Structure formats: C-alpha cells, structure tokens
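First the structure, in the form of structure tokens, and then the observations on it.
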Amino acid sequence: MDRAGRARARRTQALIRGQGLDAVLKAFQADPELSSRVVHRVGLPPRPGRRVPFPPWVPQPVRNALARQGIKDLWSHQAEAAGLLWEGKHTVVATGTASGKSLAYYLPVLSHLARDPGSTALFLYPTKALARDQARFLFSLALPFARAGTYDGDTPSAERPWIRRNANIVLSNPDMLHTSILPGHDRWARFFARLAYVVLDEVHAARGVFGSHVGLVLRRLQRICSHYGSRPTFAFASATIGNPGELASRLLREEVVEVTEDGSPQGERIFLFLNPPLIDEARGLRKNAATEAAGLMAELVERGVKTLSFARTRRSAELLAMAARKRLAETFAHLEPPVAAYRAGYLPEERRELEAAFASGHLLGLAATTALELGIDIGDLDAVVLAGYPGTLASLWQQAGRAGRKGGKALVVMVAQDDPLDQYVVENAPTLLTRPQEAAVVDPENPHLLRDHLVCAAEELPLDPRELPLLGREAPALASALKEEGLLREFRGRLFYSGPRGAARRVNLRSVAGQPVLIVEAESGSLLGTVDAARALWTVHPGAVYLHQGEEFVVEELDLERGIARVRESGLGYYTVARDVSDVEVLTVEREGKVGKARLYLGRVKVTNRVVGYEKRATTGEPLGVEPLYGLPEQHLETEALWFTLEPRLIEAAGLTPWRVPGTVHAAEHTAIGLFPVVVMADRWDVGGLSTPLHKNTGLPTVFIYDGYPGGAGISARAFASAETLLQATHERVRSCPCKQGCPSCVYSPKCGNGNEPLDKEGAAALLASLLQ
C-alpha cells in the first residue's frame, strides 16, 4: 500500500469504534429488534490442532524456505496426504477452509523437483485469481529449482514461450488445459515427458456438467502423458464434501485415496441464523435479505469488525456494497466508507487491488460473490455475513471458514431469503450443522459430452480403437457415429479427425449446450455477455429484460441460427419471466422403489418445452401482465429423471377432491425442486420439473424432477436414494410456512413456466402427510 493509502487506513481506523467480537455479540443480544430476528444461535467450540514434524524425505532447502514463511512443522492431515503422494498414490485431501491443504501437495512436488529439477508439475485451479494467488506463494519461497509460471488467458503472448520452455511448475485451469495446452501438446512435449505430478485444487467445484467435462479433460490429459511416456501422480484438494474419494476417483477413473481427518486448529465459531421480518404476512413476503445483510455489515464495520459478505449474484454483491456504503456515509463524512464489492467480471488488476486493500485493513467490508469463496489470501477477518444460503452445506462451511483463519473466534451470520431452501435451512440450522456434507455429482459417461471430447482427442492424436473404452463406455459406438457424420475417418486402423480446426474451442466446459448465444448491444455492436444456447429461449427471447452491471436492456431480436441476441438499453423498471408449456415422455425405467406410500422411479425421459409468452413483474414482484410469443421453436431434451406416482387411495386419504389435484401436485413439485440441494450438491436451476394430475405413461397423478442437461448429469440418480428425505423436508416446509395460500418461501417458484398457477399449498401439505404417514 502506498503512503496515501496508509494515511487513509489510519483515518478510517480513527473513525471506527474498535470492539472485539464478544462486545459486538453482547450489543447484538441487547438489541431487541435484531434479537427477535435470530431464529437460532449455534456455538461451535474451538478445536486444537495436531502438529507433526516434517517427514524425513523433505530436503533441507525446502524446509528452510518454508521456515522463512513461518512453517516449521505440519498439521497431521498435511503430513498424511503428502506421504501418500510421495509414495505415488493418487490422493485427495478434503479438510476445512484455511487448513493448509496446498502444503499437502507442495511438499512432495517441491521435494521431487529438488532431487530432479528436470521433472515437471501441473497445477490446475478453478479460477485464474486463485492460480495467481498460489503463484505468489511459490515465488516467495525463492527456491532456485522451482521455476513457476502462470499460463492462462491473461498470460501475455510474449511470456508463453518462456513458460513452455523453462517452467517446471505450470499453474493453469481446466479450461486452458482443454483449449490450449492439450491441442498444442507438441509444443509442450518436454513438459509432458517429464510430468511427475498433476494437482487439481478446489475439486469440489468440479461437479455437475463442469465436473463431467473436467473428468473427460483429465482422460485426454492421461492419454497425452502416455503418448510422451509419463504417468503422473494426481493430487486433489477439496472442501469437506460427502464423497471426496468417490468424486476424485470418478474424475480420474482410477482409485484415489482420501484424507479427511482435519488436524488443523479452529477457533470458536458463533453462528447466527436470521430471518428478515415479514412485511406482508398474508402473502408471506419478507424484507429483502441483501438489504438486511447490508445493514449488518455496516454495523460490524462501524464497530471495527472486519467483515466479508457473500451474495449469490454479481448484481446482489454490487447492491449489497452500495447499501452498506450508504449506511456508513454519515459516519465517515468526507472519507470513502471502507466497503467495496468484489466479483467476477472485474479486471485482474482491480481484483488484486481489492484483495490487497482488504488484507491490509484499508477496506473493512467486502461484498463478494463466490469468487472469494475459494482460498484466495485476503488476510484475517472476524465475521462473515451470508445474504442467503449458498446452496450447499459444503459452500456454507467454505464461506464460514473465511473468518477466524488464524484460530481466533469468528462470527458467521446467515440471513435467509424468502425461498423454500433458505427457510428450511434457517429453521433446521442446529441439525443441519451436524449433518454430513452433500455428495458431489459428476457423470463423465454422459454421451453428449463424451462425443465432443472424442472429437477433441482425435484432433490431438489419432485414436487407436483399443483406446476408446478408456475414454468412456459408449466411446466405440459414438466413434462409429462420428465416422458416419464425417468428423472421423479411418486410416491404417486409426481414427483421424477430419472436421474444421479448433474442435476444443467449440466445446465450452461450463456448458453442455454447444456454442453460446452472444448478447450484443444493437446501437454500438458491443458484446455484453453470453448465454447457453439451451437457455436462450427462456432468458433472451424477444421482449425479455436482460440485466448487465445494473443496467436494463430489452431484447429486440433473437437470431438462433447466428447465435445472436440484439438488445437495446431501456428504463422499463420491470423484469420478465418466461412462460412455457412442457411435456415429459418416459423412455425407459432403470430403477424402481418406494417413497412412503408412493411408487418411485428412475429412468430416461424426453422433455419437450416451448416458450409461449412472458410475464412482466415489477421489482417488488407484483405482476404487470403477460405478453404472448409466437413461432419460437420447441426444445427437446433427453435426460435422466426421477418421478413418483400417486395412487387414488393416497388422494382420498388426504381428503382431496379431483379438482384440487392439479394445484396440489404442482405445489409439491415446486417445493421439492426448491429443496433439492438438501439431498444432493446441485442448484435448483440444474433441475426441471413437471407435475400432472394424469400422465399418459403412468396413468396416474405424477411428479417428475429431471436433470436440466442433455444426457443427464447424475443429479436425479443421486437424489433417488434420498427421495424420502427430500419429501420429508418438502412436507415440513409446506406445513410450517406461516403464509395463508402459498408464497416464495414455500410453494412459489421463480422459474415456473405457468406463472405459479394453479397452486394448492393446503392440498400439498395434506397429500405429503398422507404419503409419508
């Protein structure tokens, strides 16, 4: 920080009322308005650490370099994981935030390079910011035999040849490995020939479609390594999730040993779970969670408590920071309030400045998206405020772990939003905090993804038919189909790629829907953003309102053939929600079971959707009217689903007349989808649903919940085993919600294609009670 920055920090510190967390908690408890909103207070006791000495195989230069950083011994999990990796065993270490997981793989890698500086290592991180943060630590060690280089989209072209020729530790990300390093493997021949270790950090982020893509990229990486004669040991680091060993093994397609017993110390943690006050009891509407979180962050900052707030979206992070700064403006008079926003989309230089300002104390409050959930170093902080449940227990612990990083006391406050998941969490917080974390789901065998990666692999190196099963079970059949399409051709017993160059650049690891639709400002022609092709009809249809950096744009034209949506700036002051009609056809039944008194099924389905209009809503949520849309194409999705059927006796036992069945099953479907993250590590937007009082394939009232991706992503399959837990949580949420006829906290859905009609909350509660009795 420069001299002017230090002066500003001193003036900021002079204005705040420096208090410890104990004093702040007492003040909160003495505030009757705030205390009335605390649904649960949960205290977790401190945990001592277990120190062990460095293993004998760590060379003295590495020990000396770490000692200069204040690291003179290890936590027990670091030593255990490092030892396994040193022995050449693929290993995943899954322990809490700030438990030093990185050192578990630094030790074997640096020790190996000390003995053989010609060997190499590849470190993969989910974000560029995290890779560069880790690179700074490696540079600080000043070990002459460890030549690190960051190779990503921000690396200047002039630096790339030096990294390829000289770096023996390359820090990158899965996207860059996929689009640049593997397709250009001949330029990396020496690096691949000597590759000893591959690290995939924050592997819990590799789930769903992204994780499935990553698994296929790792198979291509192993194939390239084999071509150059290397067989690296793989290291994975993860937050605490329910299945770290299984996840890593599915990604790698080899056995991976897991290390999960955390030996690092942890200070006392105080969790406060808050529910904003009701502003309309009949409709169940509550005060905005971001507004409530902004007030809390402002009060904590004013009391000298360094605070990080998490918001679910970029826009929410910006609005949260603005609201907190407004609350603090009077206190800081002519000085800038020490609060800022931090999110993806900022320039790298802006993010680094914010990280440094927060670490130094120039900034005391930061409102961030999940961009700061991962292990970027932002110094010590005292409190974390969550504007809404982050979606999974793993993310909750990850975000909460950012506070008290040096073993001190930490305060974690979660402010619930008015949706079923948040309300369920805030009511069941004590039991949820003791529950095992969710299992991460991946499906690298997804034929839609596997097909794309077969094409990429063939362009990298001609495919030997004997290799195909190593890439995926369906690879031989898919390769035959690709030959018929002309994308692969056989020559002398091998399959060569014969399509246009740059296959990898046409495969987006963050999507399953092919080339994204570009969102272009009509007057200037500037690119505002992109959206998956599969979701374009729902988000950028003609008349849709598109938000970008707080600015409103209205879609004038959607050209699906060219993949362009043209938008124009507007001040309409409302947002839009697409309306659609859907149909689900059962293709195959793979598993059957029971959930309560209902029959439960898992299988393949074909979903047909067509957007037929859109609803305009005021920013308060008030409906402003519905506009029809004509001529938009149908969308077809073959995927995996679970569904349950309801026998007439169940309907009768619940006391429901036939005319109430449509609203009843519709309400139950909405709440179950909203609570899906309770049983599986997925977002509610990853799944879709359909309910019907009489389905053509089952002949009964049926509720479907399906993976929202072609081929499926393994989400429904994982949830099938936990269907009873899901329906119990659904019943509890519907039954306990204080609203009269349904609200966003129970049965309303923000993505409903029918405008949340019909819905019968009382009927859903009765039906679920009868089903689970």
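The values are calculated or read from the model by the stated rules, or taken from the named source; none is laboratory data. Since the structure is predicted, the reported quantities are computational estimates derived from the model, not experimental observations. Backbone-built Cβ (ideal geometry, glycine too); neighbour counts: all protein chains shown. Each accessible area value is taken on the protein alone, full model and side chains, heavy atoms only, with ligands, DNA and RNA left out. Shrake-Rupley method; radii C 1.70, N 1.55, O 1.52, S 1.80 Å.
Details
- Filter result for Glu460 (in contact with a Phe, Trp or Tyr (Cβ under 9 Å, 6 or more places away or on another chain) and of a type in the set (Asp, Glu)): yes
- Listed conditions (1) hydrophobic (A, V, I, L, M, F, W, C); (2) part of a helix (DSSP H, G or I); (3) touching a Leu at 6+ places or on another chain (Cβ under 8 Å); (4) crowded, with 22+ Cβ neighbours inside 10 Å are all met by Ala766, apart from (4).
- Single condition Leu495 does not satisfy, out of (1) open to solvent by less than 30 Å² (accessible area, probe 1.4 Å); (2) assigned to a loop (DSSP other than H, G, I, E, B): (2)
- Qualifying positions in the range 126-166 - open to solvent by less than 50 Å² (accessible area, probe 1.4 Å) and either in contact (Cβ under 8 Å) with a residue 40 or more places away in the chain or of a type in the set (Phe, Trp, Tyr) (or both): Pro126, Thr127, Ala129, Leu130, Ala131, Asp133, Gln134, Leu141, Leu143, Phe145, Tyr151
- Single match in Thr331, Thr291 (criterion: more than 15 Å from Ala416 (Cβ to Cβ), polar (S, T, N, Q) and either in a helix (DSSP H, G or I) or open to solvent by 70 Å² or more (accessible area, probe 1.4 Å) (or both)): Thr331
- Residue ranges of helices (runs of 4 or more DSSP H) in the range 1-100 with at least 3 members surrounded by 12 or more Cβ atoms within 10 Å (Cβ to Cβ) and at pLDDT below 90: 3-15, 21-30
- Residue among Gly88, Gly43, Gly70 that is under 30 Å from Arg351 (Cβ atoms) and out of contact with any Pro (no Cβ under 7 Å at 6 or more places or on another chain): Gly70
- Scope the range 117-147; condition in a helix (DSSP H, G or I) and touching a Ser or Thr at 6+ places or on another chain (Cβ under 7 Å); matching residues: Ala131, Arg132, Gln134, Ala135
- Residues of the range 312-328 satisfying the condition of being at pLDDT 85 or above, open to solvent by less than 10 Å² (accessible area, probe 1.4 Å) and of a type in the set (Gly, Ala, Ser): Ala321, Ala324
- Checked against the criterion of being within 31 Å of the chain's Cα centre (by Cα), open to solvent by 40 Å² or more (accessible area, probe 1.4 Å) and among the acidic types (Asp, Glu), the candidates Glu474, Glu485, Glu490, Glu523 yield just one match: Glu474.
- Qualifying residue in the range 687-698 (condition: in contact with a Lys or Arg (Cβ under 9 Å, 6 or more places away or on another chain), in contact (Cβ under 8 Å) with a residue 24 or more places away in the chain, under 27 Å from Gln635 (Cβ atoms) and open to solvent by 30 Å² or more (accessible area, probe 1.4 Å)): yes
- The range 633-668 - residue that is open to solvent by less than 10 Å² (accessible area, probe 1.4 Å) and of a type outside the set (A, V, I, L, M, F, W, C) and, of those, nearest to Gly613 (Cα to Cα): Gly663
- Residues that are open to solvent by 10 Å² or more (accessible area, probe 1.4 Å) and farther than 19 Å from Glu299 by Cα, drawn from the range 399-429: Arg405, Lys406, Gly407, Gly408, Gln417, Asp418, Asp419, Leu421, Tyr424, Glu427, Asn428
- Odd one out for Ala114, checked against (1) part of a helix (DSSP H, G or I); (2) buried (at least 20 other Cβ atoms within 10 Å of the Cβ): (2)
- Candidates in the range 503-523 are the residues that are at pLDDT 85 or above and in contact with a helix residue (DSSP H, G or I) (Cβ under 6 Å, 6 or more places away or on another chain); of these, the one that is farthest from Pro447 (Cα to Cα) is Val517.
- Filter pass, Leu34 being in contact with a helix residue (DSSP H, G or I) (Cβ under 7 Å, 6 or more places away or on another chain) and farther than 30 Å from Leu247 by Cα: yes
- Among (1) open to solvent by 70 Å² or more (accessible area, probe 1.4 Å); (2) assigned to a helix (DSSP H, G or I); (3) in contact with a Phe, Trp or Tyr (Cβ under 9 Å, 6 or more places away or on another chain) - the single one Val455 does not satisfy: (1)
- Single residue of the range 704-756 satisfying the filter (touching a residue at least 40 places away in the same chain (Cβ under 8 Å), of a type in the set (Lys, Arg) and open to solvent by 10 Å² or more (accessible area, probe 1.4 Å)) that is nearest to Ala534 (Cα to Cα): Lys751
- All of (1) in a loop (DSSP other than H, G, I, E, B); (2) modelled with pLDDT of 90 or more hold for Cys739 with one exception: (2).
- Given (1) closer than 30 Å to Cys743 by Cα; (2) more than 27 Å from the chain's Cα centre (by Cα), index of the condition Thr434 fails: (2)
- Among the residues making up the range 556-602, those that are β-branched (Val, Ile, Thr) and free of Cβ contacts under 8 Å to residues at least 24 places away in the same chain are Thr588, Val589.
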